[in-house]
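K.L.:
Take this structure first; my questions come after.
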Amino acid sequence: MLEIFQYDFFLNAFLAALLASFACGIVGTFVVVRKVVFISGGIAHTAYGGIGLGYLMGINPLIGAFAFSTAAAYFISAMRRKNSSNEDTLIGILWAVGMALGIVFISLTPGYTPNLMSYLFGDILTVPFDDILIMIAADIIIAAVVFFNLDKFIAITFDEEYSRTLGLPVDRLYFLLYVLIALTTVILIKLVGIILVIALLTIPPTISIKFTKSIKSMMLFSILLGILFSFLGLLLSYYLNLASGASIILVGAAGYILSVILTGNKN
Amino acid sequence: MKKILEIKHLSVNLNGIDVLKDVNLTLDEKEYLGIIGPNGAGKTTLLKAILGLIDISSGYIKVDGKPALKNLNAIGYVPQYSNFDASYPISVNDVIKLGCLGKSLKMSEPERQNKVKEVLAKVNLSGYEEKLISQLSGGEKQRVLIARALISDPVLLLLDEPTASADVKSGKNFYELLHELNERITIILVSHDIGAVSKYVKKIACLNKNLVYHDSKEISREMLEATYQCPVDLVAHGLPHRVLETHNHNH
């Protein structure tokens, strides 16, 4: 089976899977413990507008995706600050508007738009080396931000009101956390596509939380599970000729079901 | 006597509604005040105002002689333990360490470990460092939150609606624990449960927009009626010491 590693594109694919699993494990852990899956969905899906704009303006769509996701992260944090009662609806609108803008920008783009589907559903086998570099940069930023703010992120996700009484800049920290979700989205787009970002962000930490005793070990275990799922998914997609993103998510879902059966027996 | 808490002419207006109006309160060292009042009376708002979590419309709050906002380390806050997600993967040790995150509270790691041990001993949970918060009973969670509040050596401890669960394992009643802490720390305990509060506190205040209190722990019918705004029947149970005013009229 090792013959597949002789192909450059497969090496790139595995490298991309490693880089994505790293970001997912770290950021997904906070998404799961703080239960902000819907917010993450809003941030991730708004990215599609940026991809469309990237095509239209002829820049790397991942850069456009990051700009749009960060803008979404900013709007959602501003809503949190104002404590608006219809936050849920507004996130839903943001989500749809982001995607609609993407569609409009792409239809305005003259000529044929290749690889468009790869942004929606992921196509890890076509990851160009430029994108790998963007992923490495994003991973480094995520690792550094979380390393220097780990205690604060734990404080605000565990007990937000108490964190305020300590004088922590809770709103700014949440914005920072949402920007990390935006960065993770950018990393994941090539691997599983916008539609499936949330699954890879949440499945590994949801399994890990059953087996780990601290945020740090939950992150580590989530990273390892992410690597396992994406490798198995990639092999499956190669040998059965299936879409890579969908294969990875289905392997993850199978892993989740297995973990439910295992812990169910334990209890 | 040192003034630990000084609230003068405090008013809080939230979205056009006066939640607190002209509240005045002064507490000296080692005082122990129970604040009771119906739901929505502004009890939580008063605590939030002291903690700087909401903007006040007028008046001022001083803690240990300094504006409360500049002296957050001097205040230990114990929220209701139902406020946070009990399934969060975090150990008792890490929860208590969160109390050190305040800006002006820098400790080295060994200092912090010692401090965690010390505050855990104070709440009778020695040896609980590595336990997960999800493995604890309600009463134990509450003690962990008290320990977390104690780690910054506060002069004032604020407790929001503590639920006194019978915690047989540690052998000590929750209120006895507060009584011990009160030997060094001024305590404000907020509750809607008159019975739970009145047995141990030194003073009682009634809050319903205004704060009514005098220097004793007797609750008068007038205080209660002013607070709950309806006729109240005082029924005293056979407590070892009498809290509710003796009433000498016929039922």
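K.L.:
Look through the range B:148-188, keep the residues that are modelled with pLDDT under 90, of a type in the set (A, V, I, L, M) and not in a loop (DSSP other than H, G, I, E, B), and return whichever of them is farthest from B:T45 (Cα to Cα).
P.N.:
This residue is B:L177.
K.L.:
I want to confirm something. Restricting to the range B:106-139 and keeping residues that are among the hydrophobic types (A, V, I, L, M, F, W, C) and over 22 Å from the mean Cα position of the chain (by Cα), which single residue is farthest from B:N93 (Cα to Cα)?
P.N.:
B:M107
K.L.:
Answer with yes or no whether A:I198 is modelled with pLDDT of 95 or more, assigned to a helix (DSSP H, G or I) and more than 14 Å from every other protein chain (Cβ to nearest Cβ).
P.N.:
Considered against the rule, which asks whether it is modelled with pLDDT of 95 or more, assigned to a helix (DSSP H, G or I) and more than 14 Å from every other protein chain (Cβ to nearest Cβ), A:I198 comes out as no.
K.L.:
May I pose another question? State yes or no: is B:V95 in a helix (DSSP H, G or I), at the interface with chain A (Cβ under 8 Å from one of its Cβ atoms) and surrounded by 21 or more Cβ atoms within 10 Å (Cβ to Cβ)?
P.N.:
So B:V95 fits the description; yes.
K.L.:
In the range B:71-88, which residues are in contact (Cβ under 8 Å) with a residue 60 or more places away in the chain and closer than 13 Å to B:G102 by Cα?
P.N.:
Answer for the range B:71-88, where residues must be in contact (Cβ under 8 Å) with a residue 60 or more places away in the chain and closer than 13 Å to B:G102 by Cα: B:N73, B:A74, B:I75, B:G76, B:Y77.
Residue by residue, here is whether (1) crowded, with 22+ Cβ neighbours inside 10 Å; (2) of a type in the set (S, T, Y); (3) under 18 Å from the mean Cα position of the chain (by Cα) holds:
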residue: A:G193; (1), (2), (3): yes, no, yes
residue: A:L200; (1), (2), (3): yes, no, yes
residue: A:I207; (1), (2), (3): yes, no, yes
residue: A:T212; (1), (2), (3): no, yes, no
residue: A:K216; (1), (2), (3): no, no, no
residue: A:G233; (1), (2), (3): yes, no, yes
residue: A:S259; (1), (2), (3): no, yes, no
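K.L.:
Further question on the same structure: Is there a residue being assigned to a strand (DSSP E or B), within 23 Å of A:L173 (Cα to Cα), small (G, A, S) and out of contact with any Phe, Trp or Tyr (no Cβ under 7 Å at 6 or more places or on another chain) anywhere in the range B:66-77?
P.N.:
yes
For every residue, the table says whether it meets (1) in contact with a strand residue (DSSP E or B) (Cβ under 8 Å, 6 or more places away or on another chain); (2) among the charged types (D, E, K, R).
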{"position": "B:K21", "(1), (2)": "yes, yes"}
{"position": "B:T26", "(1), (2)": "yes, no"}
{"position": "B:G65", "(1), (2)": "yes, no"}
{"position": "B:Y88", "(1), (2)": "no, no"}
{"position": "B:G102", "(1), (2)": "no, no"}
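K.L.:
Could you list, in sequence order, the residues of the range B:107-152 that are among the β-branched types (V, I, T) and either in contact (Cβ under 8 Å) with a residue 60 or more places away in the chain or within 24 Å of B:N182 (Cα to Cα) (or both)?
P.N.:
Answer for the range B:107-152, where residues must be among the β-branched types (V, I, T) and either in contact (Cβ under 8 Å) with a residue 60 or more places away in the chain or within 24 Å of B:N182 (Cα to Cα) (or both): B:V116, B:V119, B:V123, B:V144, B:I146, B:I151.
K.L.:
Quick check on A:P169: is it under 25 Å from B:N93 (Cβ atoms) and out of contact with any strand residue (DSSP E or B) (no Cβ under 7 Å at 6 or more places or on another chain)?
P.N.:
yes
K.L.:
Can you tell me which residues in the range A:93-116 are farther than 16 Å from A:S69 by Cα and either among the charged types (D, E, K, R) or free of Cβ contacts under 8 Å to residues at least 24 places away in the same chain (or both)?
P.N.:
A:S107, A:P110, A:G111, A:Y112, A:P114, A:N115
K.L.:
Let me ask something else. Suppose we keep only residues that are hydrophobic (A, V, I, L, M, F, W, C) and crowded, with 20+ Cβ neighbours inside 10 Å within the range A:43-60. Which one would you say is farthest from A:S118 (Cα to Cα)?
P.N.:
The selected residue is A:I43.
K.L.:
Looking only at the range B:35-56, decide whether some residue is more than 10 Å from chain A (Cβ to nearest Cβ), of a type in the set (K, R) and surrounded by fewer than 21 Cβ atoms within 10 Å (Cβ to Cβ).
P.N.:
Scanning the range B:35-56 turns up no residue that is more than 10 Å from chain A (Cβ to nearest Cβ), of a type in the set (K, R) and surrounded by fewer than 21 Cβ atoms within 10 Å (Cβ to Cβ).
K.L.:
Let me ask something else. Mind telling me which of the residues A:A138, A:A144 ends up being within 16 Å of the chain's Cα centre (by Cα), part of a helix (DSSP H, G or I) and more than 14 Å from chain B (Cβ to nearest Cβ)?
P.N.:
A:A138
K.L.:
Looking only at residues that are under 15 Å from A:V170 (Cβ atoms) and exposed (fewer than 15 other Cβ atoms within 10 Å of the Cβ) in the range A:61-88, which one is modelled with the highest pLDDT?
P.N.:
It comes out as A:A78.
K.L.:
Sticking with this structure for a sec: For the range B:46-78, how many residues meet the condition of being at pLDDT 90 or above and polar (S, T, N, Q)?
P.N.:
Summing the residues that are at pLDDT 90 or above and polar (S, T, N, Q) in the range B:46-78 gives 2.
K.L.:
Now for a separate question. If you check A:I207 against the conditions, is it part of a helix (DSSP H, G or I), closer than 24 Å to B:Q135 by Cβ and of a type in the set (A, V, I, L, M, F, W, C)?
P.N.:
Yes.
K.L.:
Among the residues of the range A:214-221, is there at least one that is more than 14 Å from every other protein chain (Cβ to nearest Cβ) and in a helix (DSSP H, G or I)?
P.N.:
No, because not a single residue in the range A:214-221 is more than 14 Å from every other protein chain (Cβ to nearest Cβ) and in a helix (DSSP H, G or I).
K.L.:
Now, a different point. For residues that are away from chain B (no Cβ under 14 Å), surrounded by fewer than 20 Cβ atoms within 10 Å (Cβ to Cβ) and touching a residue at least 40 places away in the same chain (Cβ under 8 Å), tally how many sit in the range A:147-180.
P.N.:
Of the residues in the range A:147-180, 1 are away from chain B (no Cβ under 14 Å), surrounded by fewer than 20 Cβ atoms within 10 Å (Cβ to Cβ) and touching a residue at least 40 places away in the same chain (Cβ under 8 Å).
The values are calculated or read from the model by the stated rules, or taken from the named source; none is laboratory data. Keep in mind that what you see is a predicted model, and the values were worked out from it rather than measured. Positions of Cβ are backbone-derived with ideal geometry, glycine not excepted, and every protein chain shown enters the neighbour counts.
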